[in-house]
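Q: What follows is a single structure, and I will ask about it in a moment.
The values are calculated or read from the model by the stated rules, or taken from the named source; none is laboratory data. Just so you know, these numbers come straight off a predicted model, no measurement behind them. Neighbour counts are summed over all protein chains in view; Cβ atoms, including those assigned to glycine, are modelled from backbone coordinates with ideal geometry.
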Amino acid sequence: MKAVMEIKKLTVDFGGLRAVDHLDLEVKEREILALIGPNGAGKTTLFNCITGIYAPSEGSMSISPPGKKPGTINGLKPNIVTRKGITRTFQNIRLFPNMTVLENVMIGRHCRTRARIAGAVFRGRATVREEQATVEYSYHILEKTGIAQYVNEFAGNLPYGAQRLLEIARALATEPFILLLDEPAAGMNPQETGVLDDLISKIREEEKIAILLIEHDMRLVMSISDRIAVMDYGKKIAEGTPEEIRNNPVVIKAYLGEEFVA
């Protein structure tokens, strides 16, 4: 499989603190790549760099979207990164609680619509058609993620697990070729985690996109990942298949613990 994103020698400094240290990482098309490591290892900083929230101090980030021209995402604003096909969820849920579930997903479609202020004011035929298409597409995403029953509920009233799924639905509405999930199982009970496990695999198969996943639930990581990269103190200390990572003594010492020695 070809790489859809290549990160080379990426470094992120905050004053005297080096959060990411000359990191090399490659995301291949249609794969699930998990990024694991202790708290403070630099995982979320990497996500923030990829999505344009932080600018790298050194290094490069390039993408090769399927069917589109390759290019760099260094220095691009978050909305431009999203438009290019990279989207994410957040470790702390960031929904619009006083908007409906459908409206939250429709917001994700904004980067794929053409109507602007004039269209919203005068509501021409093209604007009305696009708005209807957005509603239909957004509802379709809710069906795919298994939360269509909440379509008219306020997002803030949803059960915790459903709110997590809604964040994923909103991200999918942007039509990404790479989906970044930042601890999607955080706070979930085992039943909710099982639903999430199935959904992530389903997304990869049906949407044919790559998924980069930060997660501390090792049972989830080991069950769905094609490859795993391990970070510690901003550096990548290991990379391989779940079985290789499970039995890597460096990873066991730094992060996994004896529970995963098998």
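Q: Which of the helices (runs of 4 or more DSSP H) contained wholly in the stretch 88-147 include at least 3 residues that are surrounded by fewer than 17 Cβ atoms within 10 Å (Cβ to Cβ), at pLDDT 80 or above and not hydrophobic (A, V, I, L, M, F, W, C)?
A: 125-144
Q: Also, I was wondering about something else. Filter the stretch 175-209 down to residues that are under 25 Å from Tyr255 (Cα atoms) and in contact with a strand residue (DSSP E or B) (Cβ under 7 Å, 6 or more places away or on another chain) and give me whichever is surrounded by the fewest Cβ atoms within 10 Å (Cβ to Cβ).
A: Looking at residues that are under 25 Å from Tyr255 (Cα atoms) and in contact with a strand residue (DSSP E or B) (Cβ under 7 Å, 6 or more places away or on another chain), I get Glu183.
Q: Which one of these is touching a Gly at 6+ places or on another chain (Cβ under 7 Å) and not assigned by TED's automatic domain parsing to the domain that holds Asn39: Ala171, Ala162?
A: Sole residue among the options that is touching a Gly at 6+ places or on another chain (Cβ under 7 Å) and not assigned by TED's automatic domain parsing to the domain that holds Asn39: Ala171.
Q: From the list Leu179, Leu165, Leu213, pick out the single residue that is modelled with pLDDT of 95 or more, under 18 Å from the mean Cα position of the chain (by Cα) and over 30 Å from Glu58 (Cβ atoms).
A: Leu165
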